[in-house]
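Following: one structure in structure tokens, then a few remarks.
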Amino acid sequence: MFVGWVLRRVLAEAERLYYDPAVIQGELRSLEQELEAGRLDEAEFDRLEDELLDRLEEARRRSPAPPGPTS
């Protein structure tokens, strides 16, 4: 029973980090640096960037909408 709880907590934390917009944006910045340094070609950069942008879009879908303005 305890092991199952621990595994669920580890999975939840891993998903939280995976879909954290700040983490994804940091990965996008790193990816751009890799391209500028010549460690990635354009095709690989485009493929990886698309994956990160898909994750960012999913992260935004998963997050609750911010509260609207109060009147």
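All of the numbers you see were taken from the coordinates with simple rules; none came from a lab. Predicted model only: the values in this text are computed from it and were never measured. Positions of Cβ are backbone-derived with ideal geometry, glycine not excepted, and every protein chain shown enters the neighbour counts.
Show the residue pairs that are 6+ apart or on different chains and have beta-carbon atoms under 9 Å apart, the first residue being within segment 32-55 and in contact (Cβ under 8 Å) with a residue 12 or more places away in the chain and of a type in the set (F, W, Y), the second being loosely packed, with under 11 Cβ neighbours inside 10 Å and in a helix (DSSP H, G or I).
Note: no pairs meet the criteria.
Among (1) within 17 Å of R60 (Cα to Cα); (2) surrounded by 11 or more Cβ atoms within 10 Å (Cβ to Cβ); (3) over 9 Å from the mean Cα position of the chain (by Cα), there is one condition A14 misses while meeting the rest; what is its number?
Unmet for A14, out of (1) within 17 Å of R60 (Cα to Cα); (2) surrounded by 11 or more Cβ atoms within 10 Å (Cβ to Cβ); (3) over 9 Å from the mean Cα position of the chain (by Cα): (2).
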